[in-house]
Amino acid sequence: MLDKTPKLSVIIPAYNEEKRIKETLAGYRNYLSEKYGNDFEIIVVTDGCKDKTPVIVREFSQKYRNIWHLNFAERLGKGGGVIRGFKVAKGELIGFVDADGGARPEEFNKLVEASKFYDGAIGSRWLNRSLVTVKEPLVREIGSRIFFLIARTLFGLPYEDTQCGAKVFRRRAVRDVIDEIYLTGFTFDLDLLYRMKKKNYKVEEISIRWEHQKGSKLNFKKIAPLAVISGLELRLMESRFNSLLKNRAISYILNCIVKGNDFRRKA
């Protein structure tokens, strides 16, 4: 743990990323060291890994004092990992980025700079499509537009891209919403941004250069219907009809649908 409060905390959730995490960690550490000296920390959260990801991250954390490793035997989901990182992050600015390296450190830093003027900044692959140097497969682009529709119609979020894996927020905003976040899977970002919107935090969407990386762990044919269901469930929770979720029949149906793919926060 660093002796003083760092300017920036970067959280990297990593699940079975042995082929990519080393390059991502080295790239971010080198860039941030040049930019901020020792005034930053990187927190890597590994969960339920079946490969050598925890071993690689542990070696980095032992070598560099501003790299932390949080390892969990059970699967937490992307959001669950980020939440664990949020809870220990000490930075004045707290952000998270995907382990696959889709957002280069210099692009992530654009969000850091923007957060000086807002309560947070999120990367976007859709505000300027020319910055997406390696485009995603069609099924992922369709999935992204499904999230856009959910975010816009159910939650009134004004963003083109809620799911981009690069975001930075002021510490006070994170602390204000962390205990209210319900979704811990791939739809975590949607829940996080909705909580911030409800509390009137100003979060800006910023175009960043993005390079799709092969080897994604996400199965969009499976994720898409779960995303719709989780969005509907969250919207229902936040409405005057939330008592419906206490209905045994509805609860049973939801549990059957998400069995083995639970995206909800555990008590």
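Points worth noting:
- The requirement of being touching a Pro at 6+ places or on another chain (Cβ under 7 Å) and aromatic (Phe, Trp, Tyr) is fulfilled somewhere in region 37-51, by at least one residue.
- Leading residue by the ranking (surrounded by the fewest Cβ atoms within 10 Å (Cβ to Cβ)) among those in region 140-182 that are of a type in the set (Val, Ile, Thr) and touching a residue at least 60 places away in the same chain (Cβ under 8 Å): Ile142
- Any hit, region 34-43, residues being farther than 18 Å from Leu111 by Cβ and outside any loop (DSSP other than H, G, I, E, B): no
- Gly120 vs. criteria within 15 Å of Arg170 (Cα to Cα), out of contact with any Pro (no Cβ under 6 Å at 6 or more places or on another chain) and not hydrophobic (A, V, I, L, M, F, W, C): yes
- Failed item in (1) over 13 Å from the mean Cα position of the chain (by Cα); (2) of a type in the set (Val, Ile, Thr); (3) within 23 Å of Phe186 (Cα to Cα), with Ile67 passing the rest: (3)
- Test: residue in region 11-28 that is among the acidic types (Asp, Glu) and more than 19 Å from Phe96 (Cα to Cα): no
- Here region 187-223 is the region considered, the condition is being assigned to a loop (DSSP other than H, G, I, E, B) and surrounded by 23 or more Cβ atoms within 10 Å (Cβ to Cβ), and the residue that is modelled with the highest pLDDT is Ile208.
- Failed item in (1) farther than 17 Å from Gln163 by Cα; (2) surrounded by 18 or more Cβ atoms within 10 Å (Cβ to Cβ), with Arg65 passing the rest: (2)
- Count - residues of region 90-110 that are aliphatic (A, V, I, L, M) and within 15 Å of Gly79 (Cα to Cα): 3
- For region 120-145, the set of residues classified as closer than 21 Å to Val203 by Cα, modelled with pLDDT of 70 or more and either over 17 Å from the mean Cα position of the chain (by Cα) or not in a helix (DSSP H, G or I) (or both) consists of Gly120, Ala121, Ile122, Gly123, Ser124, Arg125, Trp126, Leu127, Asn128, Arg145, listed by residue number.
- Qualifying residue in region 80-103 (condition: without any contact (Cβ under 8 Å) to a residue 40 or more places away in the chain and either under 18 Å from the mean Cα position of the chain (by Cα) or more than 18 Å from Lys22 (Cβ to Cβ) (or both)): yes
The values are calculated or read from the model by the stated rules, or taken from the named source; none is laboratory data. Just so we're clear, the structure is a prediction, and the values are computed from it rather than from any experiment. Glycine gets a Cβ as well: all are built from the backbone with ideal geometry, and neighbour counts include every protein chain shown.
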